[in-house]
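Computed from the coordinates by the stated procedures, all read-outs in this text should not be read as laboratory data. Just so it is clear, the structure is predicted and the values come from calculations on it, not from any experiment. Here the Cβ is made from the backbone with ideal geometry for all residues, glycine too, and neighbour counts use every protein chain on show.
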Amino acid sequence: MMARHDPAELAMAPYAGYGAATGGKNYRGESMPAWDDLGHGIQTAWEVAAEAIARKVLGIGIGIGARSRREG
């Protein structure tokens, strides 16, 4: 069983890492917004991506709907 973590906290680490690797630029070469300025959908996408990485590292199967998505 995977330990429970705050999804937003888990997602902020790779988001910050992406920013560090790209000089704070997004895929368009524009400045990345602060985490709190991202829209709900983008934050959720980072949360799902972070969860997928955690599941892979922990050897837990990755499936669609592995975790209920945040409701807006």
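Which value in nm describes the separation of the simple spin-label points at Y18 and L38, placed 7 Å from the Cα toward the beta carbon?
In this crude label model, Y18 to L38 measures out at 0.6 nm.
In nm, to one decimal, how far is the modelled label at K56 from the one at A8, with both set 7 Å along Cα→Cβ?
Taking the simple label geometry, K56 and A8 are separated by 2.6 nm.
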